[in-house]
């Protein structure tokens, strides 16, 4: 016979299943606020409360996006921008990871390298832009290096912090298990530092996009930043918004990709979900 406790557990299980089925998907919840903003924005523009030259309606921006897509201008510029951002991120991120590991593992290396890097970190992008132009001109190398400069520091700092934040009690366990130096690095230190490293990657991608905007606005003949500047000269506000939205969408897509890797690589971590 089924006991009262067993029946109660079954009922609770069915209730939880029904709640899961009735719950609103996360992507719908995420779209709720943008949908409200777009609706209010469209209404304000439709009644003429704000000039179209200052704030074009979402429909006008969508129409401009469609025209730029048909002409091929949007994708040609976006392709160039993505390549620049990817090259700069790979260069700066790789160097940031290497230097973060070196300074994280060695106090001596930290003493020689970290003070200089921390000083360079405080220099704004706009301050070094004229110097990059003088050294490398307006060619692609100056843009890639400017993006790499911004992408370097988030990964460097978070890699260093992740390595130095490893619980010392884990080293006692490794000593008991007689881990070799290689095992300590591959099975203890790097896995424990991985959450910080992936956070650094996410921040680095965001800074890389900011660096891309600065790089393309400082002097370029192609790219989304150039498209925005060209539209500004002719007061094509809807085209400016298209460029801004492209930056936002591609930036969000890259961030979501890293978050997907986080979920795959950090399944072992038991953390607060909110």
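Details
- Residue in the stretch 213-234 that is under 21 Å from residue 156 (Cβ atoms), at pLDDT below 85, more than 22 Å from the chain's Cα centre (by Cα) and part of a helix (DSSP H, G or I) present: no
- Residue check for residue 203: within 21 Å of the chain's Cα centre (by Cα) and closer than 21 Å to residue 123 by Cβ: yes
- Hits in the stretch 231-255 - residues which are within 21 Å of residue 126 (Cβ to Cβ) and buried (at least 17 other Cβ atoms within 10 Å of the Cβ): 240, 243, 247, 251
- Residue check: residue 179 meets all listed conditions (1) at pLDDT below 80; (2) within 19 Å of residue 143 (Cα to Cα); (3) touching a helix residue (DSSP H, G or I) at 6+ places or on another chain (Cβ under 8 Å) but one, namely (2).
- The stretch 91-109, residues that are surrounded by fewer than 19 Cβ atoms within 10 Å (Cβ to Cβ) and touching a residue at least 24 places away in the same chain (Cβ under 8 Å): 91, 95, 105
- Taking the listed residues 72, 96, the one that is in the same structural domain as residue 213 (by TED's automatic domain parsing) and at positive phi is 72, with no other qualifying.
- Residue within the stretch 140-147 that is assigned to a helix (DSSP H, G or I), touching a helix residue (DSSP H, G or I) at 6+ places or on another chain (Cβ under 7 Å), surrounded by fewer than 19 Cβ atoms within 10 Å (Cβ to Cβ) and without any contact (Cβ under 8 Å) to a residue 40 or more places away in the chain present: no
- Exactly one residue among 137, 45 is without any contact (Cβ under 8 Å) to a residue 24 or more places away in the chain, on the phi > 0 side of the Ramachandran plot and out of contact with any strand residue (DSSP E or B) (no Cβ under 8 Å at 6 or more places or on another chain), and that residue is 137.
- Failed item, numbered, when residue 53 is tested on (1) touching a helix residue (DSSP H, G or I) at 6+ places or on another chain (Cβ under 7 Å); (2) in a helix (DSSP H, G or I); (3) not assigned by TED's automatic domain parsing to the domain that holds residue 240: (2)
The values are calculated or read from the model by the stated rules, or taken from the named source; none is laboratory data. Just so we're clear, the structure is a prediction, and the values are computed from it rather than from any experiment. FYI the Cβ positions are ideal-geometry reconstructions off the backbone, even for glycines, and counts take in every protein chain you see.
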